[in-house]
Every structure is written in structure tokens, then in C-alpha cells.
Amino acid sequence: MKIRAITALWAVLLAVGAVIFMSPSVARADAQRAHEQFLAGNQAYEAGEFQMAVDAYRRALDEGLVNSRLYYNYGNALYRLNRLGPAILYYERALKLTPHDDDIRHNLRFANARIVDKPSEPASNALTRFLWKVHAGYSLNQGLWASLALFSLIFLFAGLRTYLPNWKALWTMALVACLLAIVSFVPSLTYRIYVTEAARHAVVLEPTLNLYSGPGRNYELLSKIHEGTKVEVTSAKDDWALIKLSNGLGGYVTLDALGRI
């Protein structure tokens, strides 16, 4: 009975994970039509017709296509038209889906080199850089799947320790390894969930954007920020957003001048 209970629980965990984490790449409308627009955009880009490429990619997006390669190609076409802010926005969105993609990282760094408001880089040593690289090397979905797999293995090895005692030492070692892995991984995954869900990041889309001390143009003008700058949206109400910059400073900007990552 206990074996059946453990097996059933494992199956339920896998089923729940599949239901929660599997989502269609096209949320609505016709997938074939979206794919055709994506291909049309690629052809236009290869021909040097960058505005036509942007229009085709936009139609694919409007069909509901969610794909890192589409975001990346759209960002490339926007960059070719010197639309720096939107290009950076879609590079960021592409990187959010596939954080290990070197092409996306390279083009994002290249585009960020052109922005006026350079982000402040915190001091770091080799260890913190390595840990950050590991943390940034997986997407949220990949992290959730990995945690589900680890929890499933923990249940499996715990059951094997009880019902196959001849191999108890082996199952114990495997169980301890999985427990250490999940304990080490949870802080990174928790922070990734926070960044994705709680901390709302956005990119400035306009060439110049006024930063006010309050939600209105009648408040004190604090400074100006520029196209392509990445900000954290602390709160938003009506047409205004309270943002925080990488240097810790903040203020209010018009909400429609931001593109959420």
C-alpha cells in the first residue's frame, strides 16, 4: 500500500507540474498564420527590407506567438531602424525566455552600449560573478521543471530506501544529494520568481523621458532618462508609474513611455 501511495503521489506531482507549466506557444488565433508572418519577416529582413520585417513580426506577435527567436529577430529589425528602446525591450524579452542564448546576450550588450544612462555595475569578485552566471543561465520554466524533478527524485529515493533495503546506502546517498541540490537551488529560483512576478522591469521607449517627484507634470522635474534605460516599476496608477533606477534613484514617469519586459 505504501509503495502504491508513493507511486501515486509521484504521478500526481508530475501531472500537476505538466498542467501548471505547459503552455501553448500561441495563446490565441491561428498558429499557422502567425508562423507564416514570422517567415515573411525573416525573408524581408534578409532582403534588407527592415520596415517590412518589423511589420510582419508585429503581425506575428499580434497573433499571439510567444517565441524567443521571434523576439530576437524583431529586436534586430527594430535596431536596424534605429529604434533603440523597442529593440532592447525585445532583446530582454527574448533573453527572459532563453537566458543561455549567446546571440541574444551579445546583441543586447551591443545595444546597451549605445544608451545614454549606463547602469551602475556593483563591485564583484570571481565567485559572485560565477554564481550570478549560473543563476542567470536558466529560465523560470526551466527552473520550475528542475525543482519538480528534484522533488520527485526525493520522494522516489525515500521510497526506495524503505522498500529496497539491500541498496539502502545507495538510495541514502542519492537522497542526500537531491536534498542538497534543492536546498542550494531554492534561493536562486525564489529570487528568479520574485524578479519575474513581483519586480516588474521595463524599458524606456521614448528618446527622452522626464522624471518627476510626483505623478503629474506639475511636480518638480528631477531629471531626464533616455531611450533604452532599464528600470524597475515600483507601482503604477492611472497614467503614471513610480520607477527605480539601477543607481537607486527614482521618480514618476508617464506609463505609456515604458515597455514591460
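Quick note: the coordinates plus some simple rules give every number you see, no bench work behind them. None of these values were measured; they are calculated from a predicted model. Backbone-built Cβ (ideal geometry, glycine too); neighbour counts: all protein chains shown.
Normalised by the number of residues in region 145-261, what is the relative contact order in percent for Cα pairs under 8 Å and 6+ residues apart? Intermediate results must be reported in sequence, preceding the final value.
Numbers: 174 pairs, mean separation 24.1, N = 117.
This gives 21 percent for region 145-261.
Quickly work out the Q51-to-S235 label distance, labels modelled 7 Å from Cα along the C-beta direction, and quote it in nm with one decimal.
Placing both labels 7 Å along Cα→Cβ, they lie 4.3 nm apart.
Label K244 and N82 with points 7 Å out from Cα along Cα→Cβ: what is the distance between them in nm?
Rounded to a tenth, the inter-label distance reads 3.6 nm.
Can you give the net charge of the other residues whose Cβ lies under 11 Å from the Cβ of I104, counting K and R as +1 and D and E as -1?
On the way: positive: R69, R93, K96, R105, R109; negative: E92, D101, D102, D103.
Overall, the nearby charge balance is +1.
Modelled label-to-label distance, D101 and D62, 7 Å Cα→beta-carbon offset: nm?
Placing both labels 7 Å along Cα→Cβ, they lie 2.3 nm apart.
Tell me the relative contact order for region 27-87 as a rounded percent, counting alpha carbon contacts under 8 Å between residues six or more apart.
In percent, rounded to a whole number, it is 35.
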